[in-house]
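Q: Mind looking over this structure? Questions follow.
The values are calculated or read from the model by the stated rules, or taken from the named source; none is laboratory data. Keep in mind it's a predicted model, so treat the numbers as computed, not measured. Because the Cβ atoms are built from the backbone with ideal geometry, glycine has one as well, and the counts that use them run over all protein chains shown. Accessible surface areas use protein heavy atoms only, side chains included; no ligands, DNA or RNA. Shrake-Rupley method; radii C 1.70, N 1.55, O 1.52, S 1.80 Å.
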Amino acid sequence: MAAADISRDLEPQRSYLLRVARLQLRDEALAEDVVQETLLAALSGTGFSGKSSLRTWLTGILKHKIVDAIRKKQREPTVASSFGDIDAEIDIEDFDALFNERGGWEPKPGEWGNSPEDALNQRQFLDVMDLCLEKLPPNTARVFMMREVMELETDEICKELTINANNLWVILYRARMALRLCLEQNWFARND
Amino acid sequence: MTETRDPAPPARRRMTWKRVLGHIISCKDASRLVSRREEGPLSAWQRLALRLHLSVCEACSRFERQIAFLRTAMQRYRQ
């Protein structure tokens, strides 16, 4: 692919990359920087073989830039504190509100229809997903994005964020519970 | 959760059996295992307990499908 073609194709990916970076960094300026670096690396690099989609390839570059940014942040305690205390997001007792005292659902998960996958083709649904992701506590959103979009292994995430596996499972559980509930309330319950 | 008691013996036996399986682990524990499984294999005991629970619990089966949907949705996010 010629350089001119690639720069034309990269621009539309910019907003997607920004969205992903913002959710993980919760820092507008830093997210802009990281995306800029990703696009520059993509332009100067020769790694794109056309075997994966352009977006998947860019996500792979972005992953490294975000991990670098997080490492750098952790070395600057004043900046790191803006992220909030990760321990505060690990408290499992929070989920008691979703269950009764015997551990039964309260309320039960709702029915999402026969083919919830149809929603994935709708622009409005993706907007609702974005809103739900933004509503997650900062560290929870970051960990969930690292796992599900960046596809980092759990031990890599634990190492980068210096948390143990148990805490990671709790955070991911929290993210899934909150997202499930948010999608149900803001999409599936309204589109029966 | 309120359940109406059916006096007919066969129905009651089914209900009791279902209740026993459903209470090996609670829905709360089952939901944690469903999420935990996304990160790697469960122990043999966890797999068994979850399987038995899911076989009788409609709410948790629903939850399991919704978590699978979430994964698909997040993969779609990057395509």
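Q: Give the cross-link partners of B:Lys18 among the lysines, using a straight C-alpha distance below 28 Å as the criterion and excluding same-chain residues fewer than 8 apart.
A: Candidates past the 8-residue exclusion: A:Lys108, B:Lys28.
Q: If amide hydrogens are placed 1.01 Å from N in the peptide plane, which non-local residues have theirs closer than 5 Å to the one on A:Phe99?
A: A:Glu106
Q: Quote the Stokes-Einstein diffusion coefficient, in whole µm² s⁻¹, for the stretch A:90-192, based on the Kirkwood radius over alpha carbon pairs, a temperature of 10 °C and a viscosity of 1.306 mPa s.
A: Details: Rh = 15.0 Å.
So the translational diffusion coefficient is about 106 µm²/s.
Q: What distance in nm separates the simple spin-label points at A:Asp155 and B:Arg47, each placed 7 Å from Cα in the Cβ direction?
A: Label at A:Asp155, label at B:Arg47, 2.1 nm between them.
Q: Can you list the HN-Hα couplings for the stretch A:57-73, worked out from phi with the Karplus curve (6.51, -1.76, 1.60; θ = phi - 60°), rounded to whole Hz and with x for Gly and Pro?
A: 5, 5, 4, x, 5, 4, 3, 5, 5, 6, 4, 4, 5, 5, 4, 4, 4
Q: Would you rank A:Ile61, A:Ile171 by solvent-accessible area, highest first, keeping every protein chain in place and using a 1.4 Å probe? Write down the numbers at each step before the final one.
A: Details: A:Ile61 30, A:Ile171 0 Å².
Highest to lowest solvent-accessible surface, that is A:Ile61, A:Ile171.
Q: Across chain A, where is the longest run that never hits trypsin sites (Lys or Arg not before Pro) in a DSSP loop with at most 10 other C-beta atoms within 10 Å? Can you show the working numbers first?
A: On the way: sites that count: A:Lys51, A:Arg190.
Value returned for the longest uninterrupted segment is A:52-189.
Q: May I pose another question? Please identify the cysteines of chain A that lack any partner cysteine with a Cβ under 4.7 Å from their own Cβ.
A: Lone cysteines by the Cβ rule: A:Cys158.
Q: What number comes out for the charge environment of A:Gln13, summing +1 per Lys or Arg and -1 per Asp or Glu over other residues with Cβ under 13 Å away?
A: Numbers: positive: A:Arg8, A:Arg14, A:Arg19, A:Arg55, B:Arg78; negative: A:Asp9, A:Glu11.
Counting the neighbours of A:Gln13, the net charge comes to +3.
Q: So what's the gap between the Cα centers of the stretch A:25-48 and the stretch A:99-123, to the nearest angstrom?
A: For the stretch A:25-48 versus the stretch A:99-123, the Cα centre distance is 36 Å.
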